[in-house]
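No lab work stands behind these numbers, since they all come straight from the coordinates. This is a predicted model, so every value here is computed, not measured. So basically every Cβ, Gly included, is an ideal-geometry build from the backbone, and we count neighbours across all protein chains shown.
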Amino acid sequence: MVLLGLDGFPHRAISPGLTPRMWALAEAGGRAAEGGITDLPSSTDPGFCSLLTGCYPRTHGVRTTSWRYARLPDWAGVETPRVPTIFDACRTAGIRSTAVVGDDRGLLATGAASRRWPPNGVIPAGTALDAHGYPLNAEVMPHLLQALGDPAVDLVFGHLNESDTVGHDHGPESSAAQKCYAATDRTVGELLDAMQDRWAETMVVIVSDHDMQARDASPPIDLMANADGLWDLVIPDGGAALVHLRPGADAQEAGAALGRVDGIETWLVGGSAMLIAGARRGRIFKAPRYSAGGFHGAPATARTVALLGGGHRDVPRLAAALTRRRPHLADWAPTLAPLLGVHLAGVDGANLLA
């Protein structure tokens, strides 16, 4: 079982011309025509934790990626998931797993994997890094290829980060981003080639954690300037924001007030004292700093890549399931765990093969 996560890779970039290897994999296997979905904020840490735990953010507890930039209050969630991951389930069942990620923060819920790279979440000295300090895909590749060549490993999770960095720095529709998407496809093709000896027993699932969009010319949304005494703290995450309610504030009243703020598309109750606001396409929430190019977090970037292939006997059934239902990121672990012969308890997501 091979699960590849392409950070910030747009669903719309999967096409015969730009990404021929992934397109061919999906043509032979299957894909969700409208892509998959994730929750708000549609950002890296909540998304990948949903993918690897089978739970929604309200359950696994990782609500935002903003913890990377400042210590968050308790109401804004936790930094690592408070529920077991598919790696925990594999360890309990005696199934060997490997996680190779282009992200050293450890938030991708891989701590229970039998083998991890970077080891213990620490990037080895001399590793070539991208503009944001993450290992380049070329640095991740040898470790992924080693894992794919190990017959004792039954679950391989790989994470490639460059598409996210380039999208943030140059914008998702830029020529730099298009070149990165094509290069990522060639990298995926190299991985697919390495699986051919075991293709008949292999299932490959490729997802992304979120989409990416460009900002429009509107000023950032300043929710604290529109609090009306209903909320007292806002934690921005691109096109979404966690909003802390004042003691005694009514959630429905506060939500109605949010809905009247220019630039707000939607809001939802995120907890006993928290609302989550989602911005309209192109709009971003006021923050200490902004990406030079693209950003995510909003409803517009909650669409994910969702495709699969391989020679495993259940690929056709799962491909058919993707034509009937758009998969949530939290659906993948409950779907893949039974195929590995492991039990993942307490999940929110659905087994797409059930």
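Quick notes
- Considering only Asp185, Asp103, Asp197, the mean-square fluctuation computed in a Gaussian network model of the chain, springs between alpha carbons under 10 angstrom, is largest for Asp197.
- Remark on the chain: hydrodynamic radius 20.4 angstrom, per the Kirkwood mean of 1/r across alpha carbon pairs.
- Fluctuation leader among Ser42, Ser208, Ser97 - the chain, Gaussian network, Cα springs under 10 angstrom: Ser97
- Extension gain for Ala131-Tyr290 works out to 55.8 nm (0.36 nm per residue, less the C-alpha to C-alpha distance).
- Listed peptides 13-20, 269-276 by packing density, highest first (mean Cβ within 10 Å): 269-276, 13-20
- By the equivalent-ellipsoid construction on the alpha carbon gyration tensor, the stretch 201-354 comes out with semi-axes of 37, 19, 12 Å, ordered largest to smallest.
- Relative compactness, the stretch 177-217, computed as alpha-carbon Rg over 2.2 N^0.38 Å: 1.64
- Vicinal HN-Hα couplings computed from phi for the stretch 300-311 (Karplus, 6.51 cos²θ - 1.76 cosθ + 1.60; Hz; Gly/Pro x): 5, 10, 8, 8, 10, 5, 8, 8, 7, x, x, x
- The amide H of Gly297, built 1.01 Å from its N in the peptide plane, has Ser42, Gly239 as neighbours under 5 Å, considering only residues 5 or more places off or on other chains.
- Using only alpha carbons, the stretch 79-175 has a radius of gyration to Kirkwood radius ratio (Rg to Rh) of 1.01.
- Estimated from the Cβ-Cβ distance and a Förster radius of 22 angstrom, the FRET efficiency linking Ala350 and Arg58 is about 0.85.
- GNM result for the chain, Cα springs below 10 Å: residue of Arg91, Arg326, Arg21 fluctuating most strongly: Arg91
- Net charge of neighbours whose Cβ lies under 11 Å from the Cβ of His11, counting Lys and Arg as +1 and Asp and Glu as -1: +2
- Label point distance in nm, Asp262-Arg198, each placed 7 Å from Cα along Cα→Cβ: 5.7
- Counting Cα-Cα pairs of the stretch 22-82 in 10 Å increments starting at 0 gives whole-percent bin shares of 22, 41, 21, 13, 3.
- Put a dot 7 Å past the Cα of Leu18, heading toward its Cβ, do the same for Ser218, and the two dots end up 2.4 nm apart.
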